[in-house]
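Novice: This structure is in structure tokens; I'll ask about it shortly.
The numbers here are math on the coordinates, done by the rules we state, and not lab data. All figures in this text were calculated on a predicted structure; none of them were measured in a lab. Cβ placement follows ideal geometry from the backbone for every residue including glycine, while neighbour counts extend to all protein chains displayed.
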Amino acid sequence: MTTTANETSLKVPVDVRFSPTGRPLAVRHDGRLWVITEDPVHWFERDSWWQTRTGAPVGIGNIVDIEFWRAQVKLSSNSALRTFLLRREPASTQWLLDSITDAV
């Protein structure tokens, strides 16, 4: 699947390479390795569990925090800078590429 720089709401599974400290270093998307060039922005949002009615057994862990990273990436030193919005749902190990935009 090929995406364009202005496409939004992709929700495409991607592989994210992390440093030992937990900072993302690169994203594998569409068969290409995108290198993170700037310090990414990291935050959490709460899932609307009352709408999704996701049940979980006691002791499963955190099922309400959605993890996000906003990272500026490049394919090569002379390629255009893009911004990837990465998302990981509660209780999941799979990262999703939510959107790709032109870097500002």
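Novice: Once you place label points 7 Å from the Cα toward the Cβ at residue 21 and residue 42, how far apart are they in nm?
Specialist: Simple spin-label model gives 0.9 nm for this pair.
Novice: Also, quick follow-up: Once Rh for the stretch 12-102 is found with the Kirkwood sum over Cα pairs, what is the Stokes-Einstein diffusion coefficient at 37 °C and 0.692 mPa s, in µm²/s? Could you put the intermediate results ahead of the total?
Specialist: Values: Rh = 14.2 Å.
Translational diffusion coefficient: 231 µm²/s.
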